[in-house]
Structures are given as structure tokens and as C-alpha cells.
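Right, one structure below, let's go through it.
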Amino acid sequence: MACALLRQLRATIRLTSRLKGGRLRGFFRDMKVCHITGARAVRGSVIHRRGLAKKKGGVGRHITKMVPRIFAPNLQRQRVWVPELKKFVRVRVTARGLKTINKHGAYKALKKAGAI
């Protein structure tokens, strides 16, 4: 009884430690993972610029700041037919992962990735 209560308390603490500003920090980023390649969303930044380019008659472009953003993988939800299992398997896979499936075969690629 005490162990179950302790386990539940730890899970609650773990969940609340991931909260930041009312939302889960890494939760949605972890959802966007390719089942084949393991590609996931990556944090990066974008350069904000202002001004008109010199070739357009301006004084030139100036960098004002770096703005954080997330680079998401090109994920598709696909139903892949696996002849060895004689059924469809739903996978979340990137475009590169689809090429891997086409090259090596569905069963071999999914088995190696641990998706089936």
C-alpha cells in the first residue's frame, strides 16, 4: 500500500517538474519521432533581419536578433503492408524512413527499428 502511494507521488513529482508555463516542456517534441530513423524535433534559431537590400536601393540588411524555433522532421503517418505478418502496420515515419522501407522491405526495416 505504501509502495503504491510512493510510486504515485513520484510520478506526480516527475510530471510537475516537466511543467513550464502551464505546458509540458518536452512532451510534444517527443511525440514527433520517426519510428524508423529516430529523427526528432530539434531546437534551433532564426536570424531576424531588417532593412532593404543594397541591390534594391537600400542601405543593406542588418541582423537585429536571434529568435528560437523548432525544426520539425518531415513526419507522415503511414499504413505499411507487411507481407510476412499479412497485415497493415501504422507507423509515424519521415520521408527518409519511407525510402528505407522501400529499399530494405517493410518487415526488415520495422524489425530492425523495433517498431514490430
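Readers should treat all values here as calculations from the given coordinates under stated rules, not as data from a laboratory. These numbers were taken from a predicted model, which means no experiment stands behind them. All Cβ positions, even for glycine, are placed from backbone atoms using ideal geometry, and neighbour counts span all protein chains on display.
I need a count of the residues in segment 46-63 that are loosely packed, with under 11 Cβ neighbours inside 10 Å and assigned to a strand (DSSP E or B).
Residues that pass the stated criteria total 4.
Looking only at segment 102-116, filter to residues that are buried (at least 16 other Cβ atoms within 10 Å of the Cβ) and within 19 Å of the chain's Cα centre (by Cα); which one of those is farthest from V33 (Cα to Cα)?
For segment 102-116, the residue satisfying everything is L110.
Counting only residues that are surrounded by 13 or more Cβ atoms within 10 Å (Cβ to Cβ) and part of a strand (DSSP E or B), how many does segment 77-97 have?
8
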